[in-house]
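One structure below.
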Amino acid sequence: MKRYLDDVLASAKSAGTFNIADLGKVYLKPQHFAQLVKKIQENTVLLNFAKFTKMDSHTLEISNVGYKGRTLRSGYDTEGNYRDVTDADATKPFVVTEELVAKKLRALLILKDDVALLNQYGQALVDAFVDMLADEISYDIEVYLVHGDKDIVPTSDQDYLHLEDGWIKKAGVKLYSDSFDATNPIEVLNTLVRSLPRKAFKNRKNFAFQIDFDFEMDIREFYRTRPTELGDSFYIKNDELFFDGFQLVTVDSLSDVDGLAHNGRVVMLQNKQVMTWGLFQEVSMEHDRNARQETDEIIARVWPAAGYVDSEFAAVAFLEKANPDASGE
(Lines give C-alpha, C1' and ligand atoms only; values in the text may rest on other atoms or scores of the structure.)
Protein backbone atom coordinates (compact mmCIF):
# COMPACT_ATOMS: atom_id res chain seq x y z
CA MET A 1 0.00 0.00 0.00
CA LYS A 2 1.28 3.46 -0.90
CA ARG A 3 2.33 5.77 1.89
CA TYR A 4 1.87 9.50 1.39
CA LEU A 5 4.19 12.22 2.62
CA ASP A 6 1.59 14.28 4.49
CA ASP A 7 0.12 11.21 6.23
CA VAL A 8 3.53 10.13 7.51
CA LEU A 9 4.36 13.63 8.74
CA ALA A 10 0.94 14.03 10.33
CA SER A 11 1.47 10.82 12.28
CA ALA A 12 4.88 12.04 13.39
CA LYS A 13 3.40 15.33 14.52
CA SER A 14 0.70 13.61 16.58
CA ALA A 15 3.40 11.52 18.23
CA GLY A 16 5.20 14.72 19.16
CA THR A 17 8.41 13.96 17.30
CA PHE A 18 9.73 13.54 13.78
CA ASN A 19 12.47 11.11 12.85
CA ILE A 20 13.59 11.41 9.25
CA ALA A 21 14.31 7.68 9.22
CA ASP A 22 10.57 7.04 9.59
CA LEU A 23 9.97 8.66 6.22
CA GLY A 24 10.74 5.52 4.24
CA LYS A 25 9.36 5.74 0.72
CA VAL A 26 6.42 8.10 0.29
CA TYR A 27 4.43 9.63 -2.55
CA LEU A 28 2.87 13.04 -3.09
CA LYS A 29 -0.89 13.36 -2.97
CA PRO A 30 -2.58 15.21 -5.89
CA GLN A 31 -2.66 18.55 -4.08
CA HIS A 32 1.05 18.37 -3.30
CA PHE A 33 1.81 17.16 -6.82
CA ALA A 34 0.06 20.32 -8.04
CA GLN A 35 2.10 22.37 -5.57
CA LEU A 36 5.30 20.81 -6.90
CA VAL A 37 4.36 21.63 -10.52
CA LYS A 38 3.44 25.21 -9.59
CA LYS A 39 6.76 25.69 -7.80
CA ILE A 40 8.71 24.21 -10.74
CA GLN A 41 6.92 26.61 -13.08
CA GLU A 42 7.75 29.55 -10.82
CA ASN A 43 11.41 28.53 -10.83
CA THR A 44 11.79 28.28 -14.60
CA VAL A 45 10.95 30.25 -17.72
CA LEU A 46 10.02 27.59 -20.28
CA LEU A 47 8.08 25.32 -17.94
CA ASN A 48 5.96 28.32 -17.01
CA PHE A 49 5.55 29.29 -20.68
CA ALA A 50 4.65 25.87 -22.08
CA LYS A 51 1.33 24.14 -21.53
CA PHE A 52 1.44 21.59 -18.70
CA THR A 53 -0.23 18.17 -18.84
CA LYS A 54 -0.53 15.82 -15.88
CA MET A 55 0.32 12.33 -17.05
CA ASP A 56 -1.61 9.37 -15.63
CA SER A 57 0.80 6.97 -17.36
CA HIS A 58 4.38 7.08 -18.59
CA THR A 59 3.23 7.61 -22.19
CA LEU A 60 0.57 10.06 -23.34
CA GLU A 61 -0.65 10.78 -26.86
CA ILE A 62 -1.66 14.37 -27.62
CA SER A 63 -3.65 14.99 -30.79
CA ASN A 64 -4.48 18.10 -32.79
CA VAL A 65 -7.42 17.96 -35.22
CA GLY A 66 -7.65 20.53 -38.00
CA TYR A 67 -8.58 21.15 -41.61
CA LYS A 68 -6.39 21.88 -44.61
CA GLY A 69 -7.68 23.73 -47.62
CA ARG A 70 -10.85 25.82 -47.90
CA THR A 71 -13.95 24.85 -45.98
CA LEU A 72 -16.30 27.31 -47.72
CA ARG A 73 -17.72 26.64 -51.17
CA SER A 74 -20.03 28.65 -53.40
CA GLY A 75 -23.74 27.99 -53.00
CA TYR A 76 -24.28 28.65 -56.70
CA ASP A 77 -23.29 26.85 -59.87
CA THR A 78 -21.55 28.53 -62.79
CA GLU A 79 -24.92 29.74 -64.15
CA GLY A 80 -25.92 31.40 -60.89
CA ASN A 81 -28.38 28.74 -59.78
CA TYR A 82 -28.52 27.32 -56.24
CA ARG A 83 -26.66 24.05 -55.90
CA ASP A 84 -26.51 21.33 -53.27
CA VAL A 85 -23.39 20.49 -51.31
CA THR A 86 -21.83 17.22 -52.47
CA ASP A 87 -19.20 14.89 -51.08
CA ALA A 88 -16.71 16.49 -53.44
CA ASP A 89 -17.11 19.75 -51.51
CA ALA A 90 -16.15 18.18 -48.20
CA THR A 91 -12.94 19.29 -46.49
CA LYS A 92 -11.28 16.32 -44.87
CA PRO A 93 -9.95 16.71 -41.34
CA PHE A 94 -6.41 15.74 -40.47
CA VAL A 95 -5.07 14.60 -37.14
CA VAL A 96 -1.56 15.30 -35.88
CA THR A 97 -0.59 12.98 -33.03
CA GLU A 98 2.46 13.58 -30.87
CA GLU A 99 3.63 11.49 -27.96
CA LEU A 100 4.87 12.46 -24.52
CA VAL A 101 7.19 9.80 -23.12
CA ALA A 102 8.22 10.21 -19.49
CA LYS A 103 11.49 8.72 -18.28
CA LYS A 104 12.55 8.38 -14.66
CA LEU A 105 14.99 10.93 -13.27
CA ARG A 106 16.41 10.79 -9.75
CA ALA A 107 17.50 13.63 -7.50
CA LEU A 108 19.57 13.29 -4.36
CA LEU A 109 18.76 15.86 -1.67
CA ILE A 110 21.22 15.98 1.20
CA LEU A 111 20.03 17.31 4.56
CA LYS A 112 23.23 18.62 6.11
CA ASP A 113 21.65 20.38 9.07
CA ASP A 114 20.33 18.68 12.16
CA VAL A 115 17.04 17.08 11.12
CA ALA A 116 15.49 18.40 14.31
CA LEU A 117 15.53 21.83 12.68
CA LEU A 118 12.85 20.61 10.28
CA ASN A 119 10.42 20.48 13.19
CA GLN A 120 10.31 24.26 13.22
CA TYR A 121 8.15 24.16 10.11
CA GLY A 122 5.27 22.61 12.04
CA GLN A 123 2.26 22.19 9.79
CA ALA A 124 4.27 23.53 6.86
CA LEU A 125 6.67 20.60 6.95
CA VAL A 126 5.09 19.02 3.86
CA ASP A 127 5.37 22.34 2.04
CA ALA A 128 9.04 22.54 3.08
CA PHE A 129 9.79 19.14 1.55
CA VAL A 130 7.90 19.90 -1.67
CA ASP A 131 9.53 23.32 -2.08
CA MET A 132 12.95 21.86 -1.32
CA LEU A 133 12.44 19.23 -4.00
CA ALA A 134 11.21 21.77 -6.56
CA ASP A 135 14.11 24.12 -5.90
CA GLU A 136 16.61 21.32 -6.48
CA ILE A 137 15.14 19.80 -9.64
CA SER A 138 13.52 22.69 -11.57
CA TYR A 139 16.55 23.81 -13.55
CA ASP A 140 17.71 20.29 -14.40
CA ILE A 141 14.23 19.31 -15.59
CA GLU A 142 14.16 22.31 -17.92
CA VAL A 143 17.64 21.45 -19.25
CA TYR A 144 16.47 17.87 -19.89
CA LEU A 145 13.26 18.94 -21.64
CA VAL A 146 15.11 21.52 -23.78
CA HIS A 147 18.27 19.63 -24.77
CA GLY A 148 17.23 15.97 -24.49
CA ASP A 149 18.36 13.87 -27.45
CA LYS A 150 18.42 10.09 -27.70
CA ASP A 151 21.49 10.38 -29.96
CA ILE A 152 23.61 11.78 -27.13
CA VAL A 153 26.21 9.40 -25.74
CA PRO A 154 25.98 9.50 -21.92
CA THR A 155 29.05 10.12 -19.79
CA SER A 156 29.81 9.81 -16.09
CA ASP A 157 29.29 13.56 -15.72
CA GLN A 158 26.12 13.76 -17.83
CA ASP A 159 23.98 10.65 -17.78
CA TYR A 160 20.40 11.73 -18.40
CA LEU A 161 20.04 13.94 -21.51
CA HIS A 162 20.04 10.83 -23.73
CA LEU A 163 16.92 9.31 -22.20
CA GLU A 164 14.39 11.03 -24.44
CA ASP A 165 14.16 13.74 -27.12
CA GLY A 166 13.42 17.28 -25.95
CA TRP A 167 11.99 20.42 -27.51
CA ILE A 168 15.02 21.27 -29.64
CA LYS A 169 15.20 17.78 -31.16
CA LYS A 170 11.42 17.57 -31.69
CA ALA A 171 10.99 21.01 -33.29
CA GLY A 172 9.48 20.73 -36.76
CA VAL A 173 11.54 23.58 -38.24
CA LYS A 174 15.34 23.57 -37.82
CA LEU A 175 17.54 26.32 -39.24
CA TYR A 176 21.33 26.03 -39.37
CA SER A 177 24.09 28.62 -39.32
CA ASP A 178 24.98 28.04 -42.97
CA SER A 179 21.56 29.40 -44.04
CA PHE A 180 21.70 32.80 -42.26
CA ASP A 181 24.17 35.23 -40.73
CA ALA A 182 24.41 34.02 -37.12
CA THR A 183 26.38 37.15 -36.15
CA ASN A 184 23.42 39.38 -37.02
CA PRO A 185 20.74 38.99 -34.31
CA ILE A 186 18.06 40.72 -36.36
CA GLU A 187 18.61 38.36 -39.29
CA VAL A 188 18.34 35.40 -36.92
CA LEU A 189 14.97 36.59 -35.62
CA ASN A 190 13.70 37.43 -39.11
CA THR A 191 14.71 34.02 -40.42
CA LEU A 192 12.86 32.27 -37.60
CA VAL A 193 9.65 34.23 -38.18
CA ARG A 194 9.72 33.60 -41.92
CA SER A 195 10.36 29.89 -41.41
CA LEU A 196 6.92 29.23 -39.92
CA PRO A 197 3.68 29.02 -41.92
CA ARG A 198 1.63 32.22 -41.91
CA LYS A 199 -1.33 30.43 -40.31
CA ALA A 200 0.81 29.94 -37.22
CA PHE A 201 0.51 33.62 -36.35
CA LYS A 202 -3.24 33.93 -35.97
CA ASN A 203 -2.64 34.87 -32.35
CA ARG A 204 0.81 36.45 -32.17
CA LYS A 205 0.68 37.00 -28.40
CA ASN A 206 1.03 33.23 -27.91
CA PHE A 207 4.52 33.33 -29.43
CA ALA A 208 7.85 34.27 -27.90
CA PHE A 209 11.51 34.02 -28.81
CA GLN A 210 13.64 32.08 -26.32
CA ILE A 211 17.21 33.38 -26.24
CA ASP A 212 20.35 33.01 -24.14
CA PHE A 213 21.98 35.82 -22.17
CA ASP A 214 24.60 36.58 -24.83
CA PHE A 215 21.93 36.97 -27.49
CA GLU A 216 20.04 39.35 -25.20
CA MET A 217 23.19 41.47 -24.89
CA ASP A 218 23.62 41.43 -28.68
CA ILE A 219 20.06 42.69 -29.19
CA ARG A 220 20.46 45.40 -26.57
CA GLU A 221 23.71 46.48 -28.21
CA PHE A 222 21.91 46.70 -31.55
CA TYR A 223 19.22 48.92 -30.07
CA ARG A 224 21.82 51.00 -28.24
CA THR A 225 23.48 51.96 -31.49
CA ARG A 226 20.24 53.53 -32.67
CA PRO A 227 20.30 57.29 -31.87
CA THR A 228 16.81 57.25 -30.43
CA GLU A 229 15.07 57.28 -27.09
CA LEU A 230 14.00 53.72 -27.88
CA GLY A 231 17.62 52.61 -27.95
CA ASP A 232 18.31 54.29 -24.63
CA SER A 233 15.33 52.61 -22.97
CA PHE A 234 16.51 49.14 -23.93
CA TYR A 235 20.11 49.81 -22.97
CA ILE A 236 19.73 51.84 -19.78
CA LYS A 237 16.34 50.87 -18.37
CA ASN A 238 16.53 47.14 -19.07
CA ASP A 239 13.09 47.23 -20.68
CA GLU A 240 11.48 44.06 -21.99
CA LEU A 241 12.61 43.19 -25.49
CA PHE A 242 10.29 42.77 -28.46
CA PHE A 243 10.80 42.15 -32.15
CA ASP A 244 7.88 42.65 -34.56
CA GLY A 245 5.46 42.16 -31.67
CA PHE A 246 7.11 38.98 -30.39
CA GLN A 247 8.60 39.08 -26.90
CA LEU A 248 12.20 37.96 -26.39
CA VAL A 249 12.68 35.94 -23.21
CA THR A 250 16.06 35.00 -21.78
CA VAL A 251 16.23 31.33 -20.74
CA ASP A 252 19.06 30.19 -18.46
CA SER A 253 18.91 26.58 -19.63
CA LEU A 254 19.92 27.65 -23.15
CA SER A 255 23.32 28.53 -21.64
CA ASP A 256 23.69 25.20 -19.86
CA VAL A 257 27.16 23.73 -20.37
CA ASP A 258 25.91 20.25 -21.31
CA GLY A 259 23.30 21.66 -23.67
CA LEU A 260 25.90 23.87 -25.33
CA ALA A 261 28.23 20.92 -25.73
CA HIS A 262 25.59 19.12 -27.80
CA ASN A 263 23.53 21.81 -29.56
CA GLY A 264 25.73 24.88 -29.39
CA ARG A 265 23.92 28.18 -29.01
CA VAL A 266 20.32 28.24 -30.22
CA VAL A 267 17.40 30.66 -30.51
CA MET A 268 13.86 29.31 -30.49
CA LEU A 269 10.49 30.66 -31.60
CA GLN A 270 7.73 28.86 -29.73
CA ASN A 271 3.96 28.99 -29.28
CA LYS A 272 2.78 28.43 -25.70
CA GLN A 273 -0.38 26.71 -26.96
CA VAL A 274 1.71 24.23 -28.94
CA MET A 275 4.74 23.69 -26.71
CA THR A 276 3.85 21.24 -23.96
CA TRP A 277 5.41 19.30 -21.12
CA GLY A 278 4.17 16.63 -18.77
CA LEU A 279 4.99 15.03 -15.47
CA PHE A 280 3.91 11.55 -14.45
CA GLN A 281 1.73 11.97 -11.38
CA GLU A 282 3.63 9.44 -9.23
CA VAL A 283 6.37 11.50 -7.59
CA SER A 284 8.15 9.65 -4.80
CA MET A 285 10.62 10.56 -2.06
CA GLU A 286 12.67 8.04 -0.10
CA HIS A 287 14.99 8.42 2.89
CA ASP A 288 18.50 7.01 2.91
CA ARG A 289 21.04 7.43 5.72
CA ASN A 290 24.66 8.05 4.77
CA ALA A 291 26.38 6.98 7.98
CA ARG A 292 29.88 7.75 6.73
CA GLN A 293 29.02 11.36 5.96
CA GLU A 294 26.59 11.59 8.89
CA THR A 295 23.96 13.03 6.59
CA ASP A 296 20.37 12.16 5.80
CA GLU A 297 19.55 11.93 2.11
CA ILE A 298 16.27 12.08 0.26
CA ILE A 299 16.11 10.29 -3.08
CA ALA A 300 13.35 11.82 -5.20
CA ARG A 301 12.01 10.26 -8.41
CA VAL A 302 10.23 12.26 -11.12
CA TRP A 303 9.13 11.39 -14.65
CA PRO A 304 9.09 14.46 -16.98
CA ALA A 305 8.40 14.62 -20.73
CA ALA A 306 8.46 17.28 -23.49
CA GLY A 307 6.59 17.56 -26.77
CA TYR A 308 4.44 19.63 -29.09
CA VAL A 309 0.77 19.61 -29.99
CA ASP A 310 1.98 20.30 -33.54
CA SER A 311 5.74 20.50 -34.09
CA GLU A 312 5.19 22.29 -37.42
CA PHE A 313 4.74 25.49 -35.40
CA ALA A 314 8.04 25.23 -33.48
CA ALA A 315 11.28 26.65 -34.89
CA VAL A 316 14.89 26.44 -33.70
CA ALA A 317 17.90 28.29 -35.12
CA PHE A 318 21.33 26.75 -34.47
CA LEU A 319 23.85 29.60 -34.25
CA GLU A 320 26.95 27.40 -34.25
CA LYS A 321 25.96 24.31 -36.17
CA ALA A 322 25.85 23.79 -39.95
CA ASN A 323 23.18 21.65 -41.56
CA PRO A 324 24.34 18.03 -41.15
CA ASP A 325 22.24 17.01 -44.16
CA ALA A 326 23.66 19.64 -46.52
CA SER A 327 24.97 18.32 -49.81
CA GLY A 328 28.66 17.66 -49.95
CA GLU A 329 28.96 16.76 -46.25
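The values are calculated or read from the model by the stated rules, or taken from the named source; none is laboratory data. Note that the structure is predicted; figures quoted are calculated from it, not measured. Cβ placement follows ideal geometry from the backbone for every residue including glycine, while neighbour counts extend to all protein chains displayed. In case anyone asks, the SASA skips ligands and DNA or RNA and just uses the protein heavy atoms, side chains included. Shrake-Rupley method; radii C 1.70, N 1.55, O 1.52, S 1.80 Å.
General observations
- Meets criteria (surrounded by fewer than 17 Cβ atoms within 10 Å (Cβ to Cβ), touching a residue at least 12 places away in the same chain (Cβ under 8 Å) and among the hydroxyl-bearing types (S, T, Y)) for Y160: no
Yes or no, residue by residue, for (1) at pLDDT 95 or above; (2) out of contact with any helix residue (DSSP H, G or I) (no Cβ under 8 Å at 6 or more places or on another chain); (3) among the charged types (D, E, K, R):
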| position | (1), (2), (3) |
| --- | --- |
| E142 | yes, no, yes |
| L145 | yes, no, no |
| D149 | yes, no, yes |
| V153 | no, yes, no |
| W167 | yes, no, no |
| L175 | yes, no, no |
| T183 | no, yes, no |
| L192 | yes, yes, no |
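- Every residue from segment 172-192 that is open to solvent by 70 Å² or more (accessible area, probe 1.4 Å) and of a type in the set (D, E): D178
- Identity of the residue in segment 1-33, surrounded by 14 or more Cβ atoms within 10 Å (Cβ to Cβ) and at pLDDT 90 or above, that ends up nearest to I137 (Cα to Cα): F33
Okay, residues lined up against (1) among the aliphatic types (A, V, I, L, M); (2) in contact with a Pro (Cβ under 6 Å, 6 or more places away or on another chain); (3) at negative phi; (4) without any contact (Cβ under 8 Å) to a residue 24 or more places away in the chain:
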{"residue": "K272", "(1), (2), (3), (4)": "no, no, yes, no"}
{"residue": "F280", "(1), (2), (3), (4)": "no, no, yes, no"}
{"residue": "V283", "(1), (2), (3), (4)": "yes, no, yes, no"}
{"residue": "D288", "(1), (2), (3), (4)": "no, no, yes, yes"}
{"residue": "D296", "(1), (2), (3), (4)": "no, no, yes, no"}
{"residue": "A300", "(1), (2), (3), (4)": "yes, no, yes, no"}
{"residue": "A305", "(1), (2), (3), (4)": "yes, no, yes, no"}
{"residue": "S311", "(1), (2), (3), (4)": "no, no, yes, no"}
{"residue": "A317", "(1), (2), (3), (4)": "yes, no, yes, no"}
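- Boolean, T78 is modelled with pLDDT of 70 or more, open to solvent by 20 Å² or more (accessible area, probe 1.4 Å), part of a loop (DSSP other than H, G, I, E, B) and among the β-branched types (V, I, T): yes
- For first residues located in segment 193-218 and open to solvent by less than 20 Å² (accessible area, probe 1.4 Å), partners that are of a type in the set (F, W, Y) and in a helix (DSSP H, G or I) and lie 6+ apart or on another chain with Cβ distances below 6 Å form the pairs A200/F313.
- Residues that are open to solvent by 10 Å² or more (accessible area, probe 1.4 Å), closer than 30 Å to P197 by Cα and touching a helix residue (DSSP H, G or I) at 6+ places or on another chain (Cβ under 9 Å), drawn from segment 268-309: N271, K272, Q273, V274
- Only one of the numbered conditions (1) outside any helix (DSSP H, G or I); (2) modelled with pLDDT of 90 or more; (3) open to solvent by 80 Å² or more (accessible area, probe 1.4 Å) is not met by K38, and that is (1).
- Hey, E136 at pLDDT below 85 and of a type in the set (D, E, K, R) or not: no
For (1) among the charged types (D, E, K, R); (2) open to solvent by less than 40 Å² (accessible area, probe 1.4 Å); (3) modelled with pLDDT under 90; (4) out of contact with any strand residue (DSSP E or B) (no Cβ under 9 Å at 6 or more places or on another chain), each residue gets a yes or a no:
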site: K54; (1), (2), (3), (4): yes, no, no, no
site: Y67; (1), (2), (3), (4): no, no, yes, no
site: D87; (1), (2), (3), (4): yes, no, yes, yes
site: V96; (1), (2), (3), (4): no, yes, yes, no
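- Within segment 256-267, restricting attention to residues that are surrounded by fewer than 19 Cβ atoms within 10 Å (Cβ to Cβ) and either in contact with a Lys or Arg (Cβ under 6 Å, 6 or more places away or on another chain) or small (G, A, S) (or both), the residue that is nearest to A182 (Cα to Cα) is G264.
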